[in-house]
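This report refers to the structure that appears directly beneath it.
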Amino acid sequence: MSKILIVEDEESIADLEKDYLELSGFEVEVANDGQTGLDKALAENFDLFILDLMLPGVDGFEICKRIREEKNTPIIMVSAKKDDIDKIRGLGLGADDYMTKPFSPSELVARVKAHLARYERLIGSNIEENKVIEIRGLKIDTTARRVWINGEEKSFTTKEFDLLTFLAGHPNHVYTKDELFKEIWDMESIGDIATVTVHIKKIREKIEYDTSNPQYIETIWGVGYRFKM
Ligand code: CA
């Protein structure tokens, strides 16, 4: 659930904003003065800030500036004066949006949702998730180079891992031993296609329940191997 901090000294306005946001499924905290708001904003993790401009103690300008020195969290600034909004825009403090009071609570909720969605896309695009292959109890994290079978981690040599990942990455495709050797060992002149057979045997010992009746890597007699999807 997204957590929002409202910094607003007019309690009736703060309550109204809080009610509407909570009804829309957000978790909301309110600070009624600037210093409390600033301390909370810097000390805790919020997903969005709604800052009133004119506040006792530290004002909204200052809070916005201080938050931006440390966080990229979306900030919506609100003010009773249109002139002030123009002023903060001009200052380029890094707020994401501005609203002039009075505004309709549903308009505020709509803008909050839009900014959260935009921010999540931004964050999401910066995080590279590990690429994971999961097939019937077999899980391969190709980024971390780790393998689990029914939740139990198994250790693999580099080539065993490369071979398994290659086959699992191309399910139902039949490869000859020659093709697999070229794919995994080609640049190294050590070994021959018998190496493939040896490695397949070792992989099966680690991932198959019954190696005489393999469920993952099938032998296609006279041709090669296939990873069963
Ligand atoms: Ca105020």
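The values are calculated or read from the model by the stated rules, or taken from the named source; none is laboratory data. Nothing here was measured: the structure is a model prediction, and the numbers come from that model. Reconstructed Cβ throughout: ideal geometry from the backbone, glycine too, with neighbour counts over all protein chains shown. Only protein heavy atoms, including side chains, enter the accessible area calculation; ligands, DNA and RNA are left aside. Shrake-Rupley method; radii C 1.70, N 1.55, O 1.52, S 1.80 Å.
A few comments on the model shown:
- Converting the Cα gyration tensor eigenvalues of the chain into ellipsoid dimensions via √(5λ) gives semi-axes, longest first, of 61, 17, 14 Å.
- Looking at the stretch 132-227, the accessible area is 58 square angstrom per residue; that uses a 1.4 Å probe and ignores ligands, DNA and RNA.
- Filtered trypsin sites (Lys or Arg not before Pro), the stretch 150-229: DSSP coil and at most 15 other beta carbons within 10 Å: LYS228
- Sorting THR165, THR157 on solvent-accessible area from highest to lowest, probe radius 1.4 Å, gives THR157, THR165.
- Using alpha-carbon coordinates, inclination of helix 34-43 to the longest axis of the chain, degrees: 10
- Across every direction, the projection of the convex hull enclosing the Cα atoms of the stretch 1-70 has a mean area of 4.1 nm².
- Furthest towards positive pole of dipole, GLY34, GLY60, HIS115, structure part the stretch 3-123, Cβ charges: HIS115
- Set of lysines near LYS65 by C-alpha distance (under 26 Å), chain-local residues within fewer than 8 positions excluded: LYS3, LYS18, LYS40, LYS81, LYS82, LYS87, LYS101, LYS113
- Both radii come from the Cα set of the stretch 3-123: Rg as radius of gyration, Rh as Kirkwood radius; their ratio Rg/Rh reads 0.92.
- A Cβ-based charge dipole, computed about the Cα centre of the chain with Lys and Arg at +1 and Asp and Glu at -1, lands at about 1180 debye.
- Listed by chain and number, the aspartates and glutamates whose alpha-carbon sits under 20 Å from that of LYS139, ignoring those within fewer than 8 places in the same chain, are GLU128, GLU129, GLU152, GLU153, GLU160, ASP162, GLU205, GLU208, ASP210, GLU218.
- 222 nm mean residue ellipticity, helices alone, for the chain (DSSP H n ≥ 4; -39,500 (n - 2.57); rounded to 500): -14000 deg cm²/dmol
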